[in-house]
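For reference, the structure discussed in these notes is given below.
The values are calculated or read from the model by the stated rules, or taken from the named source; none is laboratory data. These numbers come from a predicted model, not from an experiment. Reconstructed Cβ throughout: ideal geometry from the backbone, glycine too, with neighbour counts over all protein chains shown. Ligands, DNA and RNA are excluded from the accessible area calculation, which covers all protein heavy atoms including side chains. Shrake-Rupley method; radii C 1.70, N 1.55, O 1.52, S 1.80 Å.
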Amino acid sequence: MLEEALAEIRAAASLEALQEIKVRFLGKKGRLTQAFKAMKGLGPEERKARGQELNRIKQAIEQALAEREAEIKAAELEARLEREREDVSLPGLALAPGGYHVATQILDELVNVFRRMGYQAVTGPEAEDEFHNFDALNIPPHHPARDMWDTFWLEDGHLLRTHTSPMQVRYMEAHTPPFQIVVPGKVYRHEATDATHEAMFHQLEGLAVGEGITLAHLKGALLTMARALYGEEARVRLQPSFFPFVEPGVEFLVWWTNPRTGEGSWLELGGAGMVHPAVFKAADDAREKAGRPRVYENVTGFAFGLGVERIAMLRYGIPDIRYFYSNRLAFLRQFPRP
């Protein structure tokens with residue numbers, strides 16, 4: 001029986017054939033099972049000897065079945081791999097590469113300009129608290145920017161920041177002067193969108209604090225930025241304006257010659273001014289509350305903010321700010337990163 005079983009197992013060519021052999025010899029009605037049942041009529045000594053012999057045969061058959069099953073599975077796997085083999089020498093499918101959004105390109109360019117002037121780029125939270133977004137920046141409670149119609153308020157009392165200026169106070173709370181920083185990031189306004197207004201856009205905030213800083217330093221920084229953006233012929237003009245967190249406040253304009261028409265004009269890029277004493281006081285008060293010394297009583301500083309999309313619109317002649325975020329690839333592909 002053992003020789004017959006081993007011969008059939010060696011000749012089995014599939015797992016199905018192997019299963020049939022297993023049932024025929026080891027199943028409930030199998031030959032070896034019947035041999036075990038036939039031991040009932042034997043005497044004790046003979047039954048013991050016969051049982052040992054049958055167990056040896058059973059173990060040999062089971063081992064042979066397991067070994068042959070492994071061989072068959074290995075052969076089937078090898079055949080499948082050969083059958084489904086990929087020709088890796090064939091050229092693959094080329095995927096279209098992504099690119100940087102035009103607003104990201106302008107923002108990176110601005111940050112790099114100020115880094116060359118010694119500024120550090122920092123970022124802050126987009127979900128801001130009322131203190132840093134309004135109170136610390138000298139924006140009074142009755143200011144319309146606090147209204148539900150102008151700002152995205154969250155249920156926990158926070159809001160989506162309306163400008164990047166909150167980082168002025170946040171940075172001053174944790175650092176001592178002198179320092180120069182720029183803050184790139186997204187800001188949010190609850191307003192109807194049109195060709196020149198969007199609910200989300202990018203700003204670049206700048207802040208420089210130290211002893212003896214004047215409006216002349218501000219103009220020098222803006223002139224360096226303007227020449228980097230529009231060429232060495234660019235000029236900067238400051239004209240009086242009002243912003244609650246600076247005193248005096250100015251709007252800064254750049255004289256720019258349109259390369260398409262050759263005509264020059266003054267372009268408003270953003271607001272700026274000398275940091276308001278109330279902002280310095282708010283930063284010192286927050287530092288004192290946190291157990292830090294007051295350090296902003298004998299320093300001055302300037303701050304500025306500009307809209308990134310506006311610069312892109314002026315540079316490339318984009319007529320509608322909504323084009324930036326409409327996800328039209330035909331529009332975005334016009335501005336590959338150099």
Provide, in order from the shortest bin, the percent of all Cα-Cα pairs of the range 113-181 in each 5 Å bin, continuing until the bin that contains the maximum pair distance. 3, 15, 24, 21, 15, 10, 8, 3, 0
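What FRET efficiency would be calculated for the residue pair residue 80, residue 53, taking the C-beta separation as r and a Förster radius of 35 Å, to the nearest 0.05?
It comes out at approximately 0.30.
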With everything on Cα atoms, drop me the angle between helix 277-289 and the longest principal axis of the chain, reported from 0 to 90° to the nearest 10. 40 degrees
Using the Kirkwood formula on alpha carbons, the hydrodynamic radius of the range 194-242 in angstrom works out to 13.5 Å
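Report the net charge of residues surrounding residue 112, where surrounding means a beta-carbon distance below 15 angstrom and charges are Lys +1, Arg +1, Asp -1, Glu -1.
Values: positive: 115, 116, 227, 337; negative: 108, 109.
Taking every Cβ under 15 Å from that of residue 112, the sum is +2.
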Could you tally the net charge around residue 243, taking each other residue with its Cβ under 14 Å from the Cβ of residue 243, Lys/Arg +1 and Asp/Glu -1? -4
Please tell me the relative contact order of the chain in percent, rounded to the nearest whole number, where contacts are Cα pairs under 8 Å and at least six residues apart. 15 percent
Longest to shortest principal axis, alpha-carbon extents of the chain, angstrom: 119, 57, 39
Give me the log10 of I(q) over I(0) for the range 87-134 at q = 0.17, 0.33 Å⁻¹, as the Debye formula computes it from C-alpha points; what are the numbers? -0.78, -1.10
In Å, what Rg and Dmax follow from the Cα atoms of the range 198-338? 18.4, 59
One would report the Cα pair-distance distribution of the range 247-316, bin width 10 Å, in %, as 18, 32, 22, 17, 10, 3
Qualifying chymotrypsin sites (Phe, Trp or Tyr not before Pro) for the range 139-199 [loop in DSSP, other Cβ within 10 Å: at most 16]: 149, 152
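Per residue, how many Å² of accessible area does the chain show with a 1.4 Å probe? Walk me through the intermediate numbers first.
On the way: 19700 Å² over 338 residues.
Roughly 58 Å² per residue, with all protein chains present.
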Taking R0 as 35 Å, what's the FRET efficiency between residue 327 and residue 215 from their Cβ-Cβ distance, rounded to 0.05? 0.25
Which lysines have a Cα less than 29 Å from the Cα of residue 29, not counting those fewer than 8 places away in the same chain? 37, 40, 48, 58, 73
Nearest 10 degrees, 0 to 90: helix 44-83 Cα axis against the chain principal axis: 40 degrees
Sequence neighbours fewer than 8 away in the same chain don't count; with that in mind, list the lysines whose C-alpha is under 22 Å from residue 289. 281
Quick one: net charge of residue 194's neighbours, Cβ under 15 Å, K/R +1, D/E -1? -1
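Need one number: % antiparallel among DSSP beta bridges in the chain, to the nearest 5.
Numbers: 43 of 45 bridges.
Antiparallel bridges make up about 95 percent of those DSSP assigns within the chain.
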Under a crude label model (7 Å from the Cα following the beta-carbon direction), how far is residue 121 from residue 31 in nanometres? 8.1 nm
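For the chain, which whole-number percentage of the solvent-accessible area (1.4 Å probe, protein heavy atoms only) is attributable to carbon and sulfur atoms? Don't skip to the end; give the middle numbers.
Details: 10480 of 19700 Å².
Here carbon and sulfur together make up 53 percent of the probe-accessible area.
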